[in-house]
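What follows is a set of notes on a single structure, which appears directly below.
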Amino acid sequence: MADASQSVSYALLDHVPLGICVLSADFEVRFWNSCLESWTGIARSEILGTDLSERFRHFREPLYFQRLEMIFDGGPPTIFSSQLHRHLIPSPLPDGQLRIQHAVVTGIAASGQRSDAMLSIQDVTDLTRHLEEHRDLRHRAMRDMRERQRAEEERRQLEAKIQYSQKLESLGVLAGGIAHDFNNLLVGVLGNADLALTKQPAAAPSRRYLESIVDSAQRAAELSNQMLAFSGRGKFVTKILDPGELARDVVRLLEMSLGDAEIRFELPSKPLIIEADPTQIRQLLMNLVTNASDAILEQGGVITITGGTISCDTTYLRESHVIDDLPAGSYVYLDVIDDGPGMDAETLDKVFDPFFTTKFAGRGMGLAAVLGIVRGHRGTLRVDSVVGEGTVFRVLLPAASKGEELVAEAPVSEPEVEVDGAILVVDDEEAVRTVVRRVLEDRGFEVMTASDGYEAIEVFGEHADRIALVLLDMTMPRLSGHETSKALRRIREEVRVVLTSGYSEEVARNQFADQPIVGFLQKPYRPDEMVAKVRQNLRVQGSARV
């Protein structure tokens, strides 16, 4: 009965989609189903009654042997994995193909003192391969997702920088226009106040009021120049210079206003060479050092100024605050470092916005001007700040070409000038025309005026032989300074023109690249400065001493 029951059981097991093998305690194969025949290529008639461990050597390895011995001794079911290679069995498996089986081994009742073992074997080769492929696909998908997220974050950051740059550009145009008009008004204020001072006795009580007007107007002019610097239209007259040496000069000038701050220099012994406007770079350094001093004003601290030359790639430059398309190459850097309270992310986002300030009495143009000066010099800057640890402002400016050397400035002597002729003042601002005429006439010059380009052409056409010099405003309605200058040269080619503008000399000379101008006056100018410029650019034509 038992044999019949066993036969029925074996018949059923012969059709399950698992490899079924029954072993005796001495590894004799008692049952070998058709699934195993298919997997291994070993016929049932060939293997029944044989020693399985002789056929499959790995069953003699300690791990497999111990587990089977436990089953033979009546132990609980166990699970293990098995791998079959073609070289282990004479089967039709392709060369090198690896088959992976998971086997569940259980004891079954048998005659004698030890149990037989039944191995239920599942071939998981294809499943394992699918799982690995799925895992690889999942890893690739996760990697692609991370790359998309990184690209999206980079795009978002770049878009934010572009929007910020466009905002600064728009504010720069606005600030430049306001500063230009403001400078025109300040010419009248400073000129009339200076003229009034020259008419007052030294002991006159009204002098202090006039001097206060001059002082306020000069401070207004400084603010106007900060706005021009932010707009990128400040005064730029470039030369080869060492910004590290300028930093030492600036600290000496600011020494009395830095309070208890300790200044440390960590600059290389070899000069740092750039081509830049020394006045603008000096202003940049003054603003950064003053900002650092304000940061540590209450608690005291250390301001460290370091510098050097580094090679910047496009990635490093793109990560900087200015996103203009700057070329990779050699840049001179200056770091102004303070150990003050630092700035949070919200403050950092606004730190260069014009008129933004965290100081009670601040005007919010210092760092905005720094940004404009840096952009005007085709440079960039970086800001790193940690709350409670301090701030680092790094300015990066293109290093000068190899072979450039520092050249000491030669003293400029103002020649004595004798002139016989008139000065034509062309400006659309009545206050400017009036004060310039008063100042020049007070110094003995003959003066003619014109309110726009058309009137200037008319006056010059009538008095071309009498006019020795033209003070020409660059920006006027109806007819620009450039068009007016060309028309004057058609009347008399050798006419001498001094440009005046609230914008920078660099902007003016770029617009007049095809016009020979003899000089430039940056508004707002003081009367003595204007007279000196006129004398400097006049030819000796007569005997009347000026």
### Query
For the range 459-520, what relative contact order do you get, as a whole percent, if you take Cα pairs closer than 8 Å and at least 6 residues apart?
36 percent
### Query
In whole Hz, what ³J(HN,Hα) sequence does the range 268-280 give by Karplus (6.51, -1.76, 1.60; θ = phi - 60°), x for Gly and Pro?
x, 5, 7, x, 8, 9, 9, 10, 7, 7, x, 5, 5
### Query
How fast does the range 483-532 diffuse by Stokes-Einstein, in µm²/s, taking the Kirkwood radius from C-alpha pairs at 37 °C and 0.692 mPa s?
280 µm²/s
### Query
Is the range 418-531 rounded, prolate or oblate when judged by the Cα gyration tensor, a ≥ b ≥ c being the square roots of its eigenvalues, rounded requiring a/c under 1.5 and prolate requiring a/b larger than b/c?
rounded
## Note on the structure
To the nearest 20 debye, the range 330-401 has a Cα-centred charge dipole, built from +1 on Lys and Arg Cβ and -1 on Asp and Glu Cβ, of 440 debye
### Query
How do the peptides 26-36, 490-500 rank, highest first, by the average count of neighbouring beta carbon atoms within 10 Å per residue?
26-36, 490-500
### Query
Accessible surface of Arg466 in the full protein assembly, 1.4 angstrom probe, to the nearest 10 Å²?
80 Å²
### Query
With all protein chains present and a 1.4 Å probe, how do Tyr64, Tyr209, Tyr331 order by accessible area, largest first?
Tyr209, Tyr64, Tyr331
### Task
Report ³J(HN,Hα) in whole Hz for each residue of the range 386-391, in order, from the Karplus equation J = 6.51 cos²θ - 1.76 cosθ + 1.60 where θ = phi - 60°; Gly and Pro get x.
10, 4, x, 10, x, 9
### Nearest-10 value in Å² for the accessible area of Val387, using the 1.4 Å probe
100 Å²
### Protection proxy ranking of 522-529, 42-49 - average other beta-carbon atoms within 10 Å, highest first
522-529, 42-49
### Summary
Hits in the range 7-42: amide N under 20 Å from the 7 Å Cα→Cβ extension of Ile79, namely 17-21
### Task
At 0.36 nm per residue, minus the direct Cα-Cα distance, what do Asp325 and Ile310 gain on full extension? Give it in nm, one decimal, please.
3.6 nm
### Message
What distance in nm separates the two pseudo spin-label positions at Ser9 and Glu245, each 7 Å out from Cα along the beta-carbon direction?
### Response
10.3 nm
## Note on the structure
Sorted list, accessible surface of protein heavy atoms, 1.4 Å probe, largest first, for Glu37, Glu505, Glu133 is Glu133, Glu37, Glu505
#### Entry: Rounded FRET efficiency, nearest 0.05, which uses the C-beta distance separating Ala151 from Phe56 and R0 of 56 Å
0.60
### Query
Taking 0.36 nm per residue of separation and subtracting the Cα-Cα distance, what length does fully extending Glu266 through Ala196 add?
20.3 nm
### Task
For Glu389 and Tyr209, compute 0.36 nm times the residue count separating them, minus their Cα-Cα distance, and round to one decimal in nm.
60.2 nm
### Task
May I ask you to rank Ile162, Ile517 by accessible area, largest first, using a 1.4 Å probe over the protein chains only?
Ile162, Ile517
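The values are calculated or read from the model by the stated rules, or taken from the named source; none is laboratory data. Since the model is a prediction, treat every value here as computed from it, not as a measurement. We place every Cβ from the backbone using ideal geometry, glycine too, and count neighbours over all the protein chains shown. Remember, those area values only see protein heavy atoms, side chains included, never the ligands or the DNA or RNA. Shrake-Rupley method; radii C 1.70, N 1.55, O 1.52, S 1.80 Å.
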